[in-house]
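The values are calculated or read from the model by the stated rules, or taken from the named source; none is laboratory data. Note that the coordinates shown come from a computational prediction; the quantities given were computed from them, not determined experimentally. All Cβ positions, glycine included, derive from the backbone under ideal geometry; neighbour counts span all protein chains shown.
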Amino acid sequence: MTTGASLSDLTTAGKQFDDACTAFERLTLQSEELAVWQTRLDLEPAAVMQCAEMLSRDELARAERFRFAEDRRRFVVARAGLRYLLSFELEIPVAAITFRYSPRGKPLLDVSAGPVYFNISYSGDRALFAISRCCQPGVDIEFLQRRIEWEKLARRFFTPDEYAALMEIPEPRRQAAFLAGWTRKEAVIKAVGDGLALPLNTFDVSLGPDTTPRILAARDTRVERCTLYSLETGPDYVASAAAYRGAGPAELPVQTTH
């Protein structure tokens, strides 16, 4: 599929467009560094089959490794959405998209496809896609009503200062505050490209869904080169994006797959 247009032409926040399978909405973001789009993953069976036809053999094999059918369907729709958005940005057919993987498993575009960087996250029936031509993006979304032991996670993965700040927030709002902080941290490590090899407790972020997203302290110079953004994804989700302006995993040896 060739669209003859670029995602950068769709600059209006809230702008929606459809492909054969699903609809995408661009989120409000006070930055021109990256664009973030969201879509829903729970589609009718016929639409899921259309999405599956867009994937490579490798991606279909990965889908089959999920234990539950719902997870398989959501993975298929998310990867098809990513392929569609990248084909739109690069103005090349979906089938021409070739992914590489960094040593830590981060998907990257084949260098011949163009200087486009991306990241994807999904939770529940919602997926986010971040795309940029000038920075390494990271994005994370979490379902607010998920059942988690947030206090144990905060003790393990947050810094002592973050944990203390979290416990000062009124109890009814603590899980939402935890998830806001969690998505900010996840967005940073995904932007940098190291995954959990960059421990979450080696840098501090602001907490709370209503607070300005900021990196408060960092013991890694790469984190200091990140900017955080909050994303409005609706009342049931909390999400964050990060932009990293430094050398990313695209400069490392990678494994190619089609």
Of the residues Arg100, Arg146, which single one is at pLDDT below 90, over 20 Å from Arg245 (Cα atoms) and outside any loop (DSSP other than H, G, I, E, B)? Arg100
Being at pLDDT 90 or above, of a type in the set (Val, Ile, Thr) and out of contact with any helix residue (DSSP H, G or I) (no Cβ under 9 Å at 6 or more places or on another chain) narrows Val36, Val48 down to just Val36
Looking at (1) over 14 Å from the mean Cα position of the chain (by Cα); (2) hydrophobic (A, V, I, L, M, F, W, C); (3) assigned to a strand (DSSP E or B), find the lone condition where Phe129 falls short. (1)
Being within 15 Å of the chain's Cα centre (by Cα) and not aromatic (Phe, Trp, Tyr) is the requirement here; does Arg65 meet it? no
Residues being of a type in the set (A, V, I, L, M), surrounded by fewer than 21 Cβ atoms within 10 Å (Cβ to Cβ) and farther than 17 Å from Leu34 by Cα - total across the stretch 205-249: 4
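With the stretch 154-258 as the region, which strands (runs of 3 or more DSSP E) entirely inside it contain at least 1 residues that are touching a Phe, Trp or Tyr at 6+ places or on another chain (Cβ under 7 Å) and modelled with pLDDT of 90 or more?
Strands (runs of 3 or more DSSP E) meeting the threshold: 215-218, 226-231, 237-244.
Tell me the residue from Pro103, Pro107 that is more than 16 Å from the chain's Cα centre (by Cα) and of a type outside the set (Phe, Trp, Tyr), please.
Answer to the check: Pro103.
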So Arg126 clears everything in (1) in the same structural domain as Arg26 (by TED's automatic domain parsing); (2) surrounded by fewer than 22 Cβ atoms within 10 Å (Cβ to Cβ) except one condition, right? Which one? (2)
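So is Ile92 in contact with a helix residue (DSSP H, G or I) (Cβ under 8 Å, 6 or more places away or on another chain), surrounded by fewer than 24 Cβ atoms within 10 Å (Cβ to Cβ) and not in a loop (DSSP other than H, G, I, E, B) or not?
no
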Residue that is surrounded by the fewest Cβ atoms within 10 Å (Cβ to Cβ) [pool: residues in the stretch 34-64 that are part of a helix (DSSP H, G or I) and of a type in the set (Asp, Glu)]: Glu64
Does Arg67 qualify as being of a type in the set (D, E, K, R) and either assigned to a helix (DSSP H, G or I) or closer than 24 Å to Ser240 by Cα (or both)? no
Give the stretch 103-125 a look and list any residue that's assigned to a strand (DSSP E or B) and more than 30 Å from Leu144 (Cβ to Cβ), or say none. Leu108, Leu109
